[in-house]
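The values are calculated or read from the model by the stated rules, or taken from the named source; none is laboratory data. What you are looking at is a predicted structure, and each value in this text was computed from that prediction instead of being measured. Neighbour counts run over all protein chains shown; Cβ positions are idealised from the backbone, glycine included. Side chains are part of the model used for accessible areas, which takes the heavy atoms of the whole protein and leaves out ligands, DNA and RNA. Shrake-Rupley method; radii C 1.70, N 1.55, O 1.52, S 1.80 Å.
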Amino acid sequence: MKLVFAGTPEVAVPALDALIASGRHEVAAVVTRPDAPSGRGRRLVASPVAQRAEEAGIEVLKPVRPREPEFLERLRQIAPDCCPVVAYGALLPRVALDIPARGWVNLHFSLLPAWRGAAPVQHAVMAGDEITGAATFLIEEGLDSGPVYGTVTEEIRPTDTSGDLLTRLAFAGSGLLAATMDGIEDGTLKAVPQPGDGISLAPKITVEDAQVDWVTPALRVDRVVRGCTPAPGAWTTFRGERLKLIQVRLVPERTDLAPGALAVGKNSVHVGTGSYAVELLWVQAQGKKPMRAADWARGVRIGDGEAVGV
């Protein structure tokens, strides 16, 4: 088939690579979000997908909105058979959905109908799910509600951050997307409607969502930290300033600390929660680089009775 691939971040690159490498289909063009400011100089930088496409000599389309007449006209000229999508980052209007003969097929990082929305991996980690996966489905106008072509499953490990899990799903999902294109092309794969039960939503995680509530149990604190790593980054406050929490460890044997209370040892920093303590392993103070929590504690000289989240 002739394909137009839509995607933007680094997590979409493995799928693009798989389709380029398959040799069975032609990736005629790539659709991605416009160049965005990056770094201290706020210089405009092309998306990871755009950079990979340019390396491969593939035409890159960067509409501000995918309903722009110029973009739609170019898409009609290319006349793709199918448009595979991975984390494109913009809603596709009906007029665009109708152009490819076999539709737009999205690779979504959950086992649909669970975790429909922008942040399925983060929500799966924060909810304490043990199994997740990826699914390919035919895009319709509803939110991730289209019929499903195929799935792969992935175990969520006890120490997984959303970044760890998303990396594994990106590579597992790339094979699924390539196989889905093959099945659509040869007619062996039919999309199956999603069940009406088991639906859960995964809206974008905001900075406010990522603030740790120390009154909640230690398991919840750990899941929030892992689910919000690397983005948007779990955080709390210390002496009125934001403290980013990069990694914590459960300490079930310690139950003597009130929620948020700090206890500093020679090489450890414990914090009380609504159940038992957690140990801070890596943190990042405002304006500083990430550091071991024990080094941070020595630098700020935590006094008796001090707490986080106050």
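Key figures for this structure:
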| item | result |
| --- | --- |
| Residue list for region 38-63, restricted to those being within 22 Å of the chain's Cα centre (by Cα) and not in a helix (DSSP H, G or I) | 38, 39, 45, 46, 47, 62 |
| Complete set of residues in region 1-45 that are of a type in the set (Ser, Thr, Tyr) and in contact with a helix residue (DSSP H, G or I) (Cβ under 8 Å, 6 or more places away or on another chain) | 8, 22, 32 |
| Subset of region 91-108 (residues that are within 16 Å of residue 2 (Cβ to Cβ), in a loop (DSSP other than H, G, I, E, B) and not β-branched (Val, Ile, Thr)) | 100, 101, 102, 103 |
| Residue list for region 187-218, filter: over 30 Å from residue 103 (Cβ atoms) and out of contact with any strand residue (DSSP E or B) (no Cβ under 7 Å at 6 or more places or on another chain) | 206, 207, 208, 209, 213, 216, 217 |
| Hits in region 222-250 (condition: buried (at least 17 other Cβ atoms within 10 Å of the Cβ) and either at pLDDT below 95 or of a type in the set (Asp, Glu) (or both)) | 222 |
| Among the candidates 64, 85, residue that is touching a residue at least 12 places away in the same chain (Cβ under 8 Å), surrounded by fewer than 20 Cβ atoms within 10 Å (Cβ to Cβ) and either out of contact with any helix residue (DSSP H, G or I) (no Cβ under 7 Å at 6 or more places or on another chain) or closer than 23 Å to residue 9 by Cα (or both) | 64 |
| Among residues of region 22-49, those that are free of Cβ contacts under 8 Å to residues at least 40 places away in the same chain and not polar (S, T, N, Q), counted | 16 |
| Selection count where residues are farther than 9 Å from residue 271 by Cβ and either open to solvent by less than 60 Å² (accessible area, probe 1.4 Å) or not β-branched (Val, Ile, Thr) (or both), scope region 252-261 | 5 |
| Residue within region 176-187 that is modelled with pLDDT of 95 or more and under 30 Å from residue 287 (Cα atoms) present | no |
| Matching option when the condition is in a helix (DSSP H, G or I) and either touching a residue at least 60 places away in the same chain (Cβ under 8 Å) or not hydroxyl-bearing (Ser, Thr, Tyr) (or both), among 189, 165, 143 | 165 |
| Residue 180 vs. criteria open to solvent by 70 Å² or more (accessible area, probe 1.4 Å), closer than 30 Å to residue 20 by Cβ and of a type in the set (Ser, Thr, Tyr) | no |
| Within region 123-140, considering residues that are touching a residue at least 60 places away in the same chain (Cβ under 8 Å) and touching a Lys or Arg at 6+ places or on another chain (Cβ under 9 Å), the one surrounded by the most Cβ atoms within 10 Å (Cβ to Cβ) | 125 |
